[in-house]
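Derivation of every value follows stated rules applied to the coordinates shown; laboratory data play no part. Everything numeric here is computed off the predicted structure, so don't read it as measured data. Neighbour counts are summed over all protein chains in view; Cβ atoms, including those assigned to glycine, are modelled from backbone coordinates with ideal geometry.
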Ligand SMILES: Cc1cc2nc3c(=O)[nH]c(=O)nc-3n(C[C@H](O)[C@H](O)[C@H](O)COP(=O)(O)OP(=O)(O)OC[C@H]3O[C@@H](n4cnc5c(N)ncnc54)[C@H](O)[C@@H]3O)c2cc1C
């Protein structure tokens, strides 16, 4: 610990972004303290599918073997359009790009997040659970120099650090206290997530069923458990409130292709509701602070790579933070500003793909048109699934030739 500070770096939030950041910092010899309001293992509302490229990051953290022993390996994705056309794409394909493993992993977030926190602890990060951060602390110049923590009795303590990392997820308190919150007008959606046993017809492909009034993802997460993550427009909030379980059950019952598969299935937990998701930060840093994971940018659940972005974000951020810790304030903030450029370079293409897919999913005739082509052109479908899986560069689909072949030809 450096003199006058409780840690060199305080990371607020011990989800995938916070654990990854802490792991990389601790490995670089930085004294890091993670604060999380929850106690692990804890639940997280998520479709629980990790893109194949995540394997590299999990392997580096020493978590991949344990996680792949309990989760389910996904070999690709099937997306069903409102028209009934099915797009099928694999993680091994003729296009030649390969991920570190030929599968994506679907695994319970209770297990994933607890494992990652344990890995961060194992390399020297200190983790304090049950510690809710209520605010940032600033020095006389307005630079962030710590956080204010609220304990269970309502008492607050100040903890000081050279750099504070906001990894506290969607609706981040750090983003709001830094004045960097930006509410997007789109997409205004809510999600309902539940786990089941006994769903019929589950395979080694993740499924996405797009309907005119929302979509549902279905995936095996190991041990005979199936995750269903349904996303609907935020205007449904009133109909959902009060009884989300009935809403979910009647939505599934109303789809002729899904209802028989759930006829003998048993829901094994409560239906969790979250959203809306349309929020982002204006930038990924402020003097004395940086943001990572959902706190920095929330990815639309349809393309489902938020965990990859959280893990990779920690890997990108850590060297900038480690450098900043060793510099006087003005130069430290210049180093943090370099992080903004690095993360835009890393994620910019994927943000564009995510927005295009989100817009197509919202307009059923466009979705049907794309599915008509992609269900007949496995090569084009494999490319798109590879981009969603983070191992094919976004430029492979962000070009006029690809768009022409999908929508026009
Ligand atoms: C419906 C849905 C489905 C999704 N499906 C997928 C998917 O299949 N695959 C995928 O990769 N991504 C998916 N995502 C996105 C994914 O869940 C997120 O991108 C990912 O969890 C981001 O990780 P994170 O560490 O940034 O935030 P989180 O996982 O949210 O972790 C934030 C942590 O901060 C803590 N925290 C919050 N506030 C405070 C505070 N004030 N003080 C202290 N601690 C605090 C929380 O307790 C939590 O542990 C989905 C999201 C949704 C909503």
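Only alpha carbons enter this Debye calculation for the stretch 257-320, each as an equal point scatterer, and the log10 of I(q)/I(0) it gives at q = 0.16, 0.29 Å⁻¹ is -0.70, -1.24.
Its Cα gyration tensor gives the stretch 101-173 an equivalent ellipsoid. The semi-axes, each the square root of 5 times an eigenvalue, are 29, 15, 13 Å from largest down.
First measure r as the distance between the Cβ atoms of residue 351 and residue 86, then evaluate 1/(1 + (r/R0)^6) with R0 = 30 Å and state the FRET efficiency to the nearest 0.05. Rounded to the nearest 0.05, the efficiency is 0.65. Residues 24, 257, ranked from the fewest to the most other C-beta atoms within 10 Å, line up as 257, 24. When each of the peptides 69-79, 307-317, 198-208 is scored by the mean number of other C-beta atoms lying within 10 Å of its residues, the order from highest to lowest reads 307-317, 69-79, 198-208.
Normalised by 2.2 N^0.38 Å, where N is the number of residues, the alpha-carbon radius of gyration of the stretch 345-395 equals 1.17. Volume per residue for the stretch 143-221 equals 196 cubic angstrom (convex hull of Cα atoms). Counting neighbouring beta carbons within 10 Å and listing from fewest to most, the residues 228, 157, 303 come out as 157, 303, 228. Just to verify a number: FRET efficiency for residue 28 and residue 223, C-beta to C-beta distance, R0 = 60 Å, to 0.05? About 0.95, to the nearest 0.05. In nm, give the distance between the simple-model label positions of residue 171 and residue 342, each being 7 Å from the Cα along the Cα-to-Cβ direction. Going from the residue 171 label point to the residue 342 one covers 3.1 nm. Over the chain, dividing the summed -39,500 (n - 2.57) contributions of all DSSP H runs of at least 4 residues by the number of residues returns a 222 nm mean residue ellipticity of -11000 deg cm²/dmol. Shape summary: the stretch 1-71 maps onto an equivalent ellipsoid whose semi-axes, from the alpha-carbon gyration tensor, are 26, 16, 9 Å in decreasing order. Overall dimensions of the stretch 190-334, expressed as equivalent-ellipsoid semi-axes from the Cα gyration tensor (√(5λ), whole Å, largest first), are 39, 17, 12.
Mean projected area of the Cα convex hull of the stretch 46-168, taken over all directions, amounts to 12.6 nm². Look at the alpha carbon pairs under 8 Å that are at least 6 residues apart: their mean separation over the length of the chain gives a relative contact order of 23 percent. What percentage of all Cα-Cα pairs in the stretch 315-409 are separated by more than 19 Å? Cα-Cα pairs of the stretch 315-409 separated by over 19 Å account for 53 percent. The slack in the chain from residue 70 to residue 256, taken as 0.36 nm per residue of separation less the alpha-carbon distance, amounts to 63.8 nm. Taking label positions 7 Å along the Cα-Cβ direction at both residue 140 and residue 368, the computed distance is 6.9 nm, reported to one decimal.
The stretch between residue 272 and residue 94 holds 60.2 nm of extra length on full extension. This uses 0.36 nm per residue minus the Cα-Cα distance.
For the stretch 316-357, taking Cα atoms only, Rg and Dmax work out to 13.3, 43 Å respectively. Roughly how tilted is helix 16-27, in degrees to the nearest 10 and between 0 and 90, from the longest Cα axis of the chain? Between helix and principal axis, roughly 40 degrees.
For the chain, the calculated P(r) over all alpha carbon pairs, in 20 Å bins from 0 to the bin holding the longest distance, is 27, 57, 16, 0 percent. Would any residue of the stretch 340-371 have its amide N under 18 Å from a label point 7 Å out along Cα→Cβ of residue 395? List them or say none. Label zone hits: 342-354. Kirkwood's formula applied to the C-alpha pairs of the stretch 191-261 gives a hydrodynamic radius of 12.7 angstrom. Suppose we keep just the DSSP beta bridges with both residues in the stretch 1-105; what percent of those would be antiparallel, to 5? Antiparallel bridges: around 65 percent, rounded to the nearest 5.
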